[in-house]
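The structure under discussion appears below in the form of structure tokens.
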Amino acid sequence: NIIKATIKKLQDLGFLDNIRFSKSFSRGKNNNNRWGKNKIKYQLKSKGLSDEEIGIGINSIKEDNYINVLKKNIELYNKKLKIPDRNKLISHLIYKGYEMDIILKTI
């Protein structure tokens with residue numbers, strides 16, 4: 001009962017808020033881990049968030065920042081390859097969670 005009361009109190013005070021968590025997680029994973037939206041969605045879903053909460057979090061990522069992080073991913077991955085390989089690059093970016101149409105527009 002004490003645990004439930006504590007959780008309820010934290011929720012009432014706004015400390016346990018799925019939407020706040022979704023936004024923070026989405027922006028953090030995109031900026032720090034250079035994840036794409038698909039990987040972020042998958043991870044949020046695995047944490048039990050609703051589709052609406054996930055959507056709000058994903059939409060909190062600014063599009064220009066998202067593209068800049070994608071470009072940084074491309075730059076870093078190309079440095080690792082001795083000979084640039086488009087297929088390996090695309091596979092890597094898909095693994096990181098980026099959408100194919102955005103990848104093809106950017107590379």
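The values are calculated or read from the model by the stated rules, or taken from the named source; none is laboratory data. These figures come from a predicted structure and were not determined experimentally. We place every Cβ from the backbone using ideal geometry, glycine too, and count neighbours over all the protein chains shown.
Could you run through the range 9-44 and say how many residues are without any contact (Cβ under 8 Å) to a residue 12 or more places away in the chain and either over 23 Å from Tyr98 (Cα atoms) or not polar (S, T, N, Q) (or both)?
11
Among the residues of the range 45-55, is any in a helix (DSSP H, G or I), among the hydrophobic types (A, V, I, L, M, F, W, C) and either out of contact with any His (no Cβ under 8 Å at 6 or more places or on another chain) or free of Cβ contacts under 8 Å to residues at least 12 places away in the same chain (or both)?
Yes: the range 45-55 contains one or more residues that are in a helix (DSSP H, G or I), among the hydrophobic types (A, V, I, L, M, F, W, C) and either out of contact with any His (no Cβ under 8 Å at 6 or more places or on another chain) or free of Cβ contacts under 8 Å to residues at least 12 places away in the same chain (or both).
Here is a check on your reading of the model: is Ile67 surrounded by 15 or more Cβ atoms within 10 Å (Cβ to Cβ), part of a helix (DSSP H, G or I) and modelled with pLDDT of 95 or more?
no
Among the residues in the range 14-23, are any within 9 Å of the chain's Cα centre (by Cα), outside any loop (DSSP other than H, G, I, E, B), surrounded by 14 or more Cβ atoms within 10 Å (Cβ to Cβ) and among the polar types (S, T, N, Q)?
Checked against the condition, which is being within 9 Å of the chain's Cα centre (by Cα), outside any loop (DSSP other than H, G, I, E, B), surrounded by 14 or more Cβ atoms within 10 Å (Cβ to Cβ) and among the polar types (S, T, N, Q), the range 14-23 yields no hits at all.
So in the range 23-60, with the set limited to residues that are of a type in the set (Gly, Ala, Ser) and in contact with a Lys or Arg (Cβ under 9 Å, 6 or more places away or on another chain), which one is farthest from Leu76 (Cα to Cα)?
Gly55
Exactly one condition in (1) closer than 17 Å to Tyr95 by Cβ; (2) in contact with a Gly (Cβ under 6 Å, 6 or more places away or on another chain) is not met by Leu81; state its number.
With (1) closer than 17 Å to Tyr95 by Cβ; (2) in contact with a Gly (Cβ under 6 Å, 6 or more places away or on another chain) applied to Leu81, the lone miss is (2).
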